[in-house]
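**Student:** Below is the structure I would like to discuss, written out as structure tokens.
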Amino acid sequence: MNRRDFVAQGSAFIGLSRNDAKSFVRDTLSNITSSYTTTKPRFESITEHVGVYRDVVNVGVVRSGSKTLLIDSGDSSILQDAKHLHIESIDRVLYTHYHRDQCSGASRLKGAHIDVPATEAKLFTNATEFWLEADVILDHRYDFRPEIMVLRESVAIDRELRDGDILHWEGIPIRVMATPGHTDGSLSYFVEADGKSIAFTGDLIYGPGQIWEFYSLQKRFPGMDGDYWGIGGAVLDLLDSIKVVGAHNPAMLVPSHGEVMRNPENALTLLHSQLEQVMQNYLTLSAWRVSKRNGVQIFKEDAPPPFDVPMFEQLAPVDLPKWLHRTVGTSSYIVAEDNSMFLFDCGFNSIVEAVNELVGSGEISGVDAIWASHYHDDHISSINTVRRRYGSKVYVQREMQDILENPTAYCMPCLFPESIHVDHALAEGEQFHWKGYEMTAYYFPGQTLYHAGLLIEHDGTRVFMTGDAFGNWAIGDVCSYNRNFIGEDGETHGSERCLRLLLKLKPDLLYAAHWGPIRFSQKYIEKTLDILRKREAMLTALLPWDDANFGLDPYWIRAYPYRQSIFPGQKVLLEARIYNHSDAACGASVELCAPQGWQVESSGSITIPAHAEGAIRLAAIAPTNPPTRRQVLGLTAHFCKRRLGEIAEAIVDYRQPDTASPPSTA
Ligand SMILES: [Zn+2]
Ligand SMILES: [Zn+2]
């Protein structure tokens, strides 16, 4: 079966059981990917003057006489093959978008004229400055456009290209078309050569009905105040771009990732319908729509939902048991007979005022303990203030301990950059008693991977604290960058794990941090699981990986620690952490790429078991006279024979020699 036939059956997967669909896709894809990565020659001729060179991305190669024009350049490994390909000089390079996998080798193309999308030009010319200023987006991150897959250092450019421009390169017309979606400024290039219109479409499409990854589509829906809640929001732009490209009737589509498509109409139509199906599925359960109904301020202005899909009926409001109190922001609390308080979540300044008031009025004696549902700033940013004043002990699920204690080792949304010491790291199912209350701790990775749930039993009532994983009745997978996984395989997974836990525990009430209490409903949980199973089949058809989570998880390859401070000349130690979402063990290798003046000491490879995270240790020595106060290292990865280019980065800040000794680096 060829790729097109295989993907044409994509919508049929929805009728299969999840496991059938997964194994079918896996078997079929393993044939396709192995031919893509190993047996295919690196250069494929498309027409007499146009071809594709397989770098980290597909590089378009247009030739006229002794001159060559490239579309994207990957890490510029075409330079090594230039002689063999009879390329005398690279005259010009057109970039479809700013992501590092398209252009990490741009600075090696000496003498070439570099053209980039006008709206993304600064991300090329001011990349160094982008990273110097990046703390403002890394801390308390609620926006994702531009995504931080930006070059590590600036490159000079020659021309900014805009929608509608027509280039005449050596007599070959190239039409420039704005095709936003994957990034806001993405351009497609229609090369009119050898009697054909060949469209180089960047990451608009991977193959018939498919895209390379889903997380880049995180973008505010119309009217939203921030990208954080807009899971798949850029699908709206992408659907328009698909129509624009289709309307110009290209003979072929050349994607940045994937194979050349010779039936563009079929490929684009299938993608359009698969994207619509996926978005309808997401919006059936999206908690931001519940926020909207409950008046949480995530909208600047009201706008109708982008896809007309109904949600579950809301359940009737319920009263809290009289021992559980809702207070300001995301917080709630219980009080013991000695008037001390156990506080659940502690995020906004207003909670500090509320606690002080309760103490001032004599209603409570102090805050004995704090439990945090997850690492987001709106749930933890006042913990240090409260504990300093009241000596509170902090209880946290063990899966969250490191991100609270070492937040800058992570690149995650809504990150509070100050370390919070954890007094008690809770194990899965750990029971503890607090002054007459019985509690059981659970890992609960619904909204994000770093999230917990807590069962509180008192006075004959069982309340499960769900943090941000639930609204009434919706689930919290609002942001791809939170890392919420689909499916139920392996140790770590998302909402399905949470739902199955609730089915097992059958608490009386679910208490959501932002939304308050709802009654446990077996019927709603089963309906939700059914929607998630369909979602997994749809995403497996949409994404060209043997497990959809590779296309959902932006940090499946990441640097740990993400940020660190060192003295000039010091050795930097870090790890490439790789989460293998596949059902099969996979080989991975990582190289460290460093700016000039660095001495890279190690690279490494590893085999990572199915559904497990592996780590490769890396080391490099920083220059003694760095040119800037911050530099960025790149992690170039191969995984299961796929070349992924500089898929992750790590930030190194230089300390002044007269400051205190730096913290440990790994
Ligand atoms: Zn990209
Ligand atoms: Zn929250």
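**Student:** Quick check on my filter: what residues within the stretch 438-476 are open to solvent by 10 Å² or more (accessible area, probe 1.4 Å), more than 13 Å from ligand 2 (Cβ to nearest atom) and touching a residue at least 40 places away in the same chain (Cβ under 8 Å)?
**Tutor:** Hits for the stretch 438-476 are Tyr442, Tyr443, Leu449, His458, Asp459, Thr461, Arg462, Asn472.
**Student:** State whether the residues of the stretch 95-110 include one that is more than 25 Å from Thr636 (Cβ to Cβ) and not β-branched (Val, Ile, Thr). Quick ask: steps written out before the conclusion?
**Tutor:** First, the residues of the stretch 95-110 that are more than 25 Å from Thr636 (Cβ to Cβ): none.
Checking the stretch 95-110: not a single residue is more than 25 Å from Thr636 (Cβ to Cβ) and not β-branched (Val, Ile, Thr).
**Student:** Out of curiosity, is Leu455 of a type in the set (A, V, I, L, M, F, W, C), modelled with pLDDT of 95 or more, over 19 Å from Val290 (Cβ atoms) and within 16 Å of ligand 1 (Cβ to nearest atom)?
**Tutor:** no
**Student:** Does any residue in the stretch 541-568 that is under 15 Å from His611 (Cβ atoms) and modelled with pLDDT of 95 or more come within less than 7 Å, Cβ to Cβ, of a residue that is assigned to a strand (DSSP E or B) and open to solvent by less than 10 Å² (accessible area, probe 1.4 Å) six or more places away or on a different chain, and which pairs are these?
**Tutor:** Trp556/Ile578
**Student:** So which pairs qualify, if the first residue must be in the stretch 385-414 and under 24 Å from Gly429 (Cβ atoms), the second must be hydroxyl-bearing (Ser, Thr, Tyr) and within 16 Å of ligand 2 (Cβ to nearest atom), the Cβ gap must be under 8 Å, and the two must be at least 6 apart or on different chains?
**Tutor:** These pairs meet every condition: Glu399/Tyr450; Met400/Tyr375; Met400/Tyr450; Ile403/Tyr375; Ile403/Tyr450; Leu404/Tyr375.
**Student:** Can you give me the number of residues within the stretch 105-122 that are in contact with a Leu (Cβ under 7 Å, 6 or more places away or on another chain) and open to solvent by 10 Å² or more (accessible area, probe 1.4 Å)?
**Tutor:** So the count comes out to 2.
**Student:** Across the stretch 344-380, what is the number of residues that are in a strand (DSSP E or B) and open to solvent by less than 20 Å² (accessible area, probe 1.4 Å)?
**Tutor:** Summing the residues that are in a strand (DSSP E or B) and open to solvent by less than 20 Å² (accessible area, probe 1.4 Å) in the stretch 344-380 gives 8.
**Student:** For Pro304, indicate whether it is buried (at least 17 other Cβ atoms within 10 Å of the Cβ) and in a loop (DSSP other than H, G, I, E, B).
**Tutor:** Spelling it out, it is not the case that Pro304 is buried (at least 17 other Cβ atoms within 10 Å of the Cβ) and in a loop (DSSP other than H, G, I, E, B).
**Student:** Restricting to the stretch 607-636, give me the number of residues that are within 22 Å of Val150 (Cα to Cα), in contact with an Asp or Glu (Cβ under 7 Å, 6 or more places away or on another chain) and outside any strand (DSSP E or B).
**Tutor:** 1
**Student:** Of all residues in the stretch 521-535, which are in a helix (DSSP H, G or I) and either open to solvent by 20 Å² or more (accessible area, probe 1.4 Å) or among the hydroxyl-bearing types (Ser, Thr, Tyr) (or both)? Walk me through how you get there before you give the answer.
**Tutor:** Filtering the stretch 521-535 down to residues in a helix (DSSP H, G or I) leaves 522-535.
Gln522, Lys523, Tyr524, Glu526, Lys527, Thr528, Asp530, Ile531, Arg533, Lys534, listed by residue number.
**Student:** Ok, one more. Being out of contact with any Lys or Arg (no Cβ under 9 Å at 6 or more places or on another chain), crowded, with 20+ Cβ neighbours inside 10 Å and of a type in the set (S, T, N, Q), is that true of even one residue in the stretch 397-410?
**Tutor:** Checked the stretch 397-410: at least one residue is out of contact with any Lys or Arg (no Cβ under 9 Å at 6 or more places or on another chain), crowded, with 20+ Cβ neighbours inside 10 Å and of a type in the set (S, T, N, Q).
**Student:** Right, here's the next one. How many residues are more than 16 Å from ligand 2 (Cβ to nearest atom) and open to solvent by 10 Å² or more (accessible area, probe 1.4 Å) when one looks only at the stretch 381-396?
**Tutor:** Here the count works out to 9.
**Student:** Going by what's in this entry, would Arg159 be described as within 13 Å of ligand 1 (Cβ to nearest atom) and either in the same structural domain as Asp227 (by TED's automatic domain parsing) or of a type outside the set (Gly, Ala, Ser) (or both)?
**Tutor:** It is false that Arg159 is within 13 Å of ligand 1 (Cβ to nearest atom) and either in the same structural domain as Asp227 (by TED's automatic domain parsing) or of a type outside the set (Gly, Ala, Ser) (or both).
**Student:** Moving on to the next point. Among the numbered criteria (1) in a helix (DSSP H, G or I); (2) more than 18 Å from the chain's Cα centre (by Cα), which one does Ile518 miss?
**Tutor:** (1)
**Student:** Quick one: in the stretch 411-437, which of the residues that are among the hydrophobic types (A, V, I, L, M, F, W, C) and in a strand (DSSP E or B) is surrounded by the fewest Cβ atoms within 10 Å (Cβ to Cβ)?
**Tutor:** Phe432
**Student:** When you go through (1) open to solvent by 10 Å² or more (accessible area, probe 1.4 Å); (2) within 22 Å of Thr119 (Cβ to Cβ); (3) away from ligand 2 (no atom under 16 Å from the Cβ) one by one for His272, which number turns out not to apply?
**Tutor:** (2) is the only condition that His272 fails.
**Student:** A follow-up question, please. State which residue is nearest to ligand 1 (Cβ to nearest atom) when the search covers only the stretch 80-109 and only residues that are in contact with a Cys (Cβ under 9 Å, 6 or more places away or on another chain) and in a loop (DSSP other than H, G, I, E, B). Before the answer, list the steps.
**Tutor:** If we filter the stretch 80-109 for residues that are in contact with a Cys (Cβ under 9 Å, 6 or more places away or on another chain), which is where we start, we get 93, 95, 97, 104.
Going one step further and asking which of them are in a loop (DSSP other than H, G, I, E, B), we end up with 95, 97, 104.
Details: Tyr95: 10, His97: 6, Ser104: 12 Å.
Top of the filtered list is His97.
**Student:** Suppose we filter the stretch 316-343 for residues that are within 16 Å of ligand 2 (Cβ to nearest atom), open to solvent by 40 Å² or more (accessible area, probe 1.4 Å) and without any contact (Cβ under 8 Å) to a residue 40 or more places away in the chain; how many remain?
**Tutor:** The total comes to 1.
**Student:** Also, I was wondering about something else. Please go through the stretch 179-223 and pick out each residue that is open to solvent by 20 Å² or more (accessible area, probe 1.4 Å), within 16 Å of ligand 1 (Cβ to nearest atom) and touching a Gly at 6+ places or on another chain (Cβ under 8 Å). Before you say what the answer is, go through the steps one by one.
**Tutor:** Filtering the stretch 179-223 for residues open to solvent by 20 Å² or more (accessible area, probe 1.4 Å) gives 180, 184, 192, 194-196, 212, 215, 219-220, 222.
Subsequent filtering for residues that are within 16 Å of ligand 1 (Cβ to nearest atom) retains 180, 184, 212, 215, 219.
Answer for the stretch 179-223, where residues must be open to solvent by 20 Å² or more (accessible area, probe 1.4 Å), within 16 Å of ligand 1 (Cβ to nearest atom) and touching a Gly at 6+ places or on another chain (Cβ under 8 Å): Trp212, Tyr215, Lys219.
**Student:** Something else now. Tell me whether the stretch 492-514 contains one or more residues that are within 16 Å of ligand 1 (Cβ to nearest atom), in a helix (DSSP H, G or I) and either under 25 Å from Ala612 (Cα atoms) or outside the structural domain of Ile403 (by TED's automatic domain parsing) (or both).
**Tutor:** Looking for residues that are within 16 Å of ligand 1 (Cβ to nearest atom), in a helix (DSSP H, G or I) and either under 25 Å from Ala612 (Cα atoms) or outside the structural domain of Ile403 (by TED's automatic domain parsing) (or both), one finds none in the stretch 492-514, hence no.
**Student:** Report every pair of residues separated by at least 6 positions or lying on different chains whose Cβ atoms are under 7 Å apart, first residue within the stretch 363-380 and outside the structural domain of Leu343 (by TED's automatic domain parsing), second open to solvent by 10 Å² or more (accessible area, probe 1.4 Å).
**Tutor:** Note: no pairs meet the criteria.
**Student:** Being open to solvent by 10 Å² or more (accessible area, probe 1.4 Å) and in contact with a strand residue (DSSP E or B) (Cβ under 7 Å, 6 or more places away or on another chain) is true for just one of Asp135, Asp75. Which residue is that?
**Tutor:** Being open to solvent by 10 Å² or more (accessible area, probe 1.4 Å) and in contact with a strand residue (DSSP E or B) (Cβ under 7 Å, 6 or more places away or on another chain) holds for just one of Asp135, Asp75, which is Asp75.
**Student:** Could you run through the stretch 240-255 and say how many residues are under 18 Å from Thr47 (Cα atoms), polar (S, T, N, Q) and open to solvent by less than 10 Å² (accessible area, probe 1.4 Å)?
**Tutor:** 0
**Student:** Further question on the same structure: For the stretch 208-231, state whether one or more residues are touching a residue at least 24 places away in the same chain (Cβ under 8 Å), under 25 Å from Arg141 (Cβ atoms) and β-branched (Val, Ile, Thr).
**Tutor:** The answer is yes, given that some residue of the stretch 208-231 is touching a residue at least 24 places away in the same chain (Cβ under 8 Å), under 25 Å from Arg141 (Cβ atoms) and β-branched (Val, Ile, Thr).
The values are calculated or read from the model by the stated rules, or taken from the named source; none is laboratory data. Keep in mind that this is a model prediction, so the values were computed, not measured. FYI the Cβ positions are ideal-geometry reconstructions off the backbone, even for glycines, and counts take in every protein chain you see. Just so you know, the surface numbers come from the protein's heavy atoms only, side chains and all, with ligands and any DNA or RNA stripped out. Shrake-Rupley method; radii C 1.70, N 1.55, O 1.52, S 1.80 Å.
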